[in-house]
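Inspection log for the structure reproduced underneath, given as structure tokens.
The values are calculated or read from the model by the stated rules, or taken from the named source; none is laboratory data. Keep in mind it's a predicted model, so treat the numbers as computed, not measured. Glycine gets a Cβ as well: all are built from the backbone with ideal geometry, and neighbour counts include every protein chain shown.
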Amino acid sequence: MRLTPIQKVQKISSRNFIENHMKPRFPLILDDFIDPGSPAFKKWNYEYFKEVAGSHKVNIYGSDIESLDRVASSPIGQSTFSEYLELISKTPTEHRLFLFNLLNIRPELKDDIHYNDVTGGKILKWLPFMFFGGEGSITRNHIDIDMSHVFITQFHGIKRIWLFPWEQSDLMYKLPYNFHSLPNIKDPNYREFPALLHLNGYEAVLKPGETLYIPSGWWHYIQYETEGYSVSVRALPSSLLEKWRGFKNMVVTRNFDNIMRRLFKEKWFRYKVRIARKRGARAARKQKSFLI
């Protein structure tokens, strides 16, 4: 597995971004996707969040590496927002808040973010999500089910994010009818999953104020190097193929997998693992043939 640092730019034009990154689906780190003068960078901190929404109940998510047969892991517990912020402030923990809707709970906070929209008006500013995590927590390698383009901005702490293009899905042993991969790519077992040796990905170490553009359909693995939080917004997929894939994933694939899992339980999961391994082996053989 090889990882290349992702290019970082400032003040890129919309035309440049759309033609050289959004249309060809190629990642980029933007220094000013959110205006550095936005009030959020001055006002927001854990104490402020405790003040405006500390009593709100939040679902806590843990490590989901081993939840291989589900599109999304189930919460492992619940606490108040204040209690959660206290926890991640004091100690490393795998506990995370996933797709947290603080900006919908307190809609006025959306006004604290001013975007430099390089997509030409395609981002859904009204649909932001927040992600909080403790030091060392991770989000398993996955693709987003709706196939949207994602812009994730770090506000506090540091995240390490690995990206891999859709075309390498078989090399990652993608489970059929799911949206994540079979092996743990953070600690890869190349003997068991040799196709991982042929992966060519990208790495971003995201710091406060920086935004990572994750193209539609790209795999991403996320690790919190420190505790912290980020905000993501989405842009709908551009091509008809990407839109069809997103629709099919949400309406057909996900529901079909849920039905089959209820009917056949472990047998259905074993079938998917077998297919993922078979496709991975075939993809690895193709890579070797290119080298001959």
Subject >> Residue list for region 236-252, restricted to those being small (Gly, Ala, Ser) and in contact with a helix residue (DSSP H, G or I) (Cβ under 8 Å, 6 or more places away or on another chain) >> reply: SER238
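This table checks each residue for (1) modelled with pLDDT of 90 or more; (2) under 18 Å from GLN154 (Cα atoms); (3) crowded, with 17+ Cβ neighbours inside 10 Å.
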{"site": "ASN45", "(1), (2), (3)": "yes, yes, no"}
{"site": "ILE60", "(1), (2), (3)": "yes, no, yes"}
{"site": "ASP64", "(1), (2), (3)": "no, no, yes"}
{"site": "SER73", "(1), (2), (3)": "no, no, yes"}
{"site": "TYR84", "(1), (2), (3)": "yes, no, yes"}
{"site": "ASN101", "(1), (2), (3)": "no, yes, no"}
{"site": "ARG106", "(1), (2), (3)": "yes, no, no"}
{"site": "LYS110", "(1), (2), (3)": "yes, yes, no"}
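Quick grid of which residues meet (1) surrounded by fewer than 17 Cβ atoms within 10 Å (Cβ to Cβ); (2) outside any strand (DSSP E or B); (3) among the acidic types (Asp, Glu); (4) on the phi > 0 side of the Ramachandran plot:
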site	(1), (2), (3), (4)
VAL118	no, yes, no, no
GLY121	yes, yes, no, yes
LYS125	yes, yes, no, no
PHE131	no, no, no, no
PHE155	no, no, no, no
**OP:** Name the one entry in VAL150, VAL233 that is touching an Asp or Glu at 6+ places or on another chain (Cβ under 7 Å), of a type in the set (Val, Ile, Thr) and either under 26 Å from THR119 (Cα atoms) or at pLDDT below 95 (or both).
**Re:** VAL150
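Can you name every residue in region 86-116 that is closer than 24 Å to ARG160 by Cβ, out of contact with any Gly (no Cβ under 8 Å at 6 or more places or on another chain) and not in a loop (DSSP other than H, G, I, E, B)?
The answer is SER89, LYS90, PHE98, LEU99, PHE100, LEU102.
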Original post:
Does region 232-245 include one or more residues that are in contact with a Ser or Thr (Cβ under 6 Å, 6 or more places away or on another chain), within 30 Å of GLU135 (Cα to Cα) and not acidic (Asp, Glu)?
Top reply: yes
**OP:** Can you tell me which residue among PHE290, PHE247 is aromatic (Phe, Trp, Tyr), over 30 Å from GLN154 (Cβ atoms), modelled with pLDDT under 95 and under 24 Å from the mean Cα position of the chain (by Cα)?
**Re:** PHE247
